[in-house]
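The block underneath contains the structure these notes are about, expressed in structure tokens.
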Amino acid sequence: MTSPEFEPGTMFVAVGPAASGKSTLAAVFPVDEVVCLDELRREISGGNPGDQSVTPAAVARQNALLDEHLAAARTVLVDSTNVEPKVRAGLLEISRRHGRPAIAIRFPTPLDTCLERNALRPANRRVPEQVLRWQYELAQSATADVLAKEGFTDVLHLSHNPLDDEQDRAGIRFACVTSPDGVHAYFWAVTAENYASLLTSWSNDEELRVAAFEEFTDPRIVDASRAWLARQQQEDGRPGTVMVGSVEKGRWVNWNLAGVRPPPVPAYW
């Protein structure tokens, strides 16, 4: 869905460190297309979104997709950190080549929040702390004035994450529990007040890998999970957890939300 406030072919460029909420915004932002560098790395590497060895190929694919979308006057969001000026310069060159506006979206998420979220990610999506701090400093230096001088048509400031609002209203969070070999993955909805303690408890089991899961962005999944948790709490008299679904060898083998189609199998290992 294209926002009526922006002209066709507008390119939006996320500018923020890892774990600042870029992909969460991308899931709900009203554009025709989202080009996500992590997803391109996952496709090219055969399943690992954190495989930095394929980044040059992923960037080439990203730029080809941007050329395609802008030529067709589709609005598009570039979902990657884009904290380095030289990276943004390359994106701006693409938008200029097609005569399209380019709008930067700044993510002023506090560093502590980024570090906390990053620590809960699966190992292959976790950014080294020193790299995240470096990204954060670069993002802080990319002020609205700096971005305007670089050539961006406009700069938007994201003051909060819309999915956080939705999940706060729902009172839930999601977690992914995987077997050590990554063959089996179980996706759980957890009441917000028990989220941190349950993650800690699960993490103490050496046979499991546990991480916060941020990719259930469909409001229907959030609403159905919230309703199920509420029913369970009413029946049992205590806050609980429900297993939304499970994956084996890269395919859904169990999906427990009636009336809601499962999303594409997410990258979880």
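The values are calculated or read from the model by the stated rules, or taken from the named source; none is laboratory data. These numbers were taken from a predicted model, which means no experiment stands behind them. Heads up, the Cβs are rebuilt from the backbone with ideal geometry, glycines too, and the neighbour counts pull from every protein chain shown. Accessible surface areas use protein heavy atoms only, side chains included; no ligands, DNA or RNA. Shrake-Rupley method; radii C 1.70, N 1.55, O 1.52, S 1.80 Å.
Shape verdict for the chain, please, from the Cα gyration tensor: rounded (a/c under 1.5), prolate (a/b greater than b/c) or oblate.
prolate
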Residue ranges of DSSP H helices in the chain that stretch 20 Å or more (Cα, own long axis) and have mean Kyte-Doolittle hydropathy of at least 0.0 are 55-71
Excluding residues fewer than 8 positions from Lys86 in its own chain, the lysines with Cα under 29 Å of it are Lys22, Lys149
Ordering Met11, Met243 by the accessible surface of their heavy atoms, 1.4 Å probe, largest first, yields Met243, Met11
In debye to the nearest 20, the charge dipole size for the chain, taken about the Cα centre with +1 at each Lys and Arg Cβ and -1 at each Asp and Glu Cβ, equals 340
Restricted to the chain, the DSSP antiparallel beta bridge percent, nearest 5, is 60
Rounded to the nearest 500, the 222 nm mean residue ellipticity computed for the chain from DSSP H runs (n ≥ 4, each -39500 (n - 2.57)) alone is -12500 deg cm²/dmol
